[in-house]
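Inspection log for the structure reproduced underneath, given as structure tokens.
The values are calculated or read from the model by the stated rules, or taken from the named source; none is laboratory data. From a predicted model like this one, the values you see are computed outputs, not experimental measurements. Here the Cβ positions follow ideal geometry from the backbone for every residue, glycine too, while neighbour counts run over all protein chains shown.
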Amino acid sequence: SEFQDSDLLQFLGLEKAPSPHRFQPVPRVLRKIIRAREAAAASGASQDLCYVKELGVRGNLLQLLPDQGFFLNTQKPFQDGSCLQKVLYFNLSAIKEKAKLTMAQLTLDLGPRSYYNLRPELVVALSVVQDRGVWGRSHPKVGRLLFLRSVPGPQGQLQFNLQGALKDWSSNRLKNLDLHLEILVKEDRYSRVTVQPENPCDRLLRSLHASLLVVTLNPKHCHPSSRKRR
Amino acid sequence: AAISVPKGFCRNFCHRHQLFINFQDLGWHKWVIAPKGFMANYCHGECPFSMTTYLNSSNYAFMQALMHMADPKVPKAVCVPTKLSPISMLYQDSDKNVILRHYEDMVVDECGCG
């Protein structure tokens, strides 16, 4: 056991044996990748494991980081059509300094597709947190706006490319990424006549789930593909 | 030219054997999501001097086998993996991160005397 905990796990790139209490939900794309690789291995087909075909990027390590942030002011209703506000927090310490970032995709899961009618229309605003203040207590100071996206129906998954934002992070060598998420309700001319079984903001508050998929390439393990000379 | 060998004669010579590693046996099923295990295989068998040419041997193994004949204190050539392939593993670490990573040299594809 002692050997397993130190030498062998270190060989596998792990500091200690992970002991998760329960498994996190695994996105479909990761399951698809592992199944395709298992099938290729079983058939004996050669495969380049430094290229993620399903995502169209080079990389040998895919990490899905869970959001560890918190909702802001869940008790008091917001003004100006704001549905909910949340600080998204991702601990980036698992990303090694030498690794080259090739993809960073934020996924916001707004809940199952069968939950809602296609209204009301929402607007999702995603900004960087300039100053987090007292963690979990004070309202953070919101900085640069990264995305402002209109969502016709609050259902399913939304994806945002955060590679640019993470490159800034990488150059500053920060160990975490704080984002401010605000979801606003857009006035809908049908919304008054539609029977909503439940306030969509309350439902979003329960079902909203965020995660960050980071793909990195370690040059030590992945050499650039050699080109044939003419 | 192919050399006809009596049936069962090769059984003790160096070759690849099947070995399935089940992560549950190692207690790794608690953190490895997929796969549940993999066919790792292993190499085992004799590397006699007379057969080094036929057992995917390195030149070094040939010389070592020759030296063993001359001086038994020199150990025999051994049966080792000569071709390995990687696998991918999907697991969860203690910080709730889900990680897909590939590990080189995890599956024995071919064996030989080395």
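Residues in the range A:106-152 that are closer than 23 Å to A:Val185 by Cβ, modelled with pLDDT under 80 and of a type in the set (S, T, N, Q): A:Ser114, A:Asn117. In summary, B:Glu110 fulfils each of the numbered conditions (1) in contact with a Lys or Arg (Cβ under 9 Å, 6 or more places away or on another chain); (2) within 30 Å of A:Pro18 (Cβ to Cβ); (3) modelled with pLDDT of 90 or more with the single exception of condition (2). Of all the residues in the range B:19-52, those that are at pLDDT 90 or above, out of contact with any Pro (no Cβ under 7 Å at 6 or more places or on another chain) and either under 15 Å from B:Ser85 (Cβ atoms) or small (Gly, Ala, Ser) (or both) number 11. Can you confirm whether B:Ile33 is touching a residue at least 12 places away in the same chain (Cβ under 8 Å) and either over 17 Å from A:Ala42 (Cβ atoms) or assigned to a strand (DSSP E or B) (or both)? So B:Ile33 fits the description; yes.
Results for (1) over 30 Å from A:Leu61 (Cβ atoms); (2) surrounded by 14 or more Cβ atoms within 10 Å (Cβ to Cβ); (3) among the hydrophobic types (A, V, I, L, M, F, W, C), shown as yes or no for each residue.
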site: B:Leu55; (1), (2), (3): yes, yes, yes
site: B:Asn59; (1), (2), (3): yes, no, no
site: B:Phe62; (1), (2), (3): yes, yes, yes
site: B:His68; (1), (2), (3): yes, yes, no
site: B:Lys73; (1), (2), (3): yes, no, no
site: B:Lys76; (1), (2), (3): yes, yes, no
site: B:Pro81; (1), (2), (3): no, yes, no
site: B:Pro86; (1), (2), (3): no, yes, no
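Against the definition (hydroxyl-bearing (Ser, Thr, Tyr) and buried (at least 21 other Cβ atoms within 10 Å of the Cβ)), how does B:Tyr91 come out, yes or no? Taking the combined requirement at face value, the residue satisfies it. For beta carbons closer than 7 Å, sequence separation of 6+ or different chains, a first residue in the range B:73-94 that is within 29 Å of A:Val52 (Cβ to Cβ) and a second that is basic (Lys, Arg) and buried (at least 21 other Cβ atoms within 10 Å of the Cβ), the qualifying pairs are B:Ser88/A:Arg37.
Screening the range A:153-180 for residues that are aliphatic (A, V, I, L, M) and at pLDDT 85 or above and picking the one that is surrounded by the fewest Cβ atoms within 10 Å (Cβ to Cβ) gives A:Leu158. Scanning the range B:60-88 for residues that are within 14 Å of chain A (Cβ to nearest Cβ) and of a type outside the set (Ser, Thr, Tyr) yields B:Lys83, B:Leu84, B:Pro86, B:Ile87.
Here the condition is being away from every other protein chain (no Cβ under 14 Å) and of a type in the set (Phe, Trp, Tyr); of B:Tyr91, B:Tyr42, it holds for B:Tyr42 alone.
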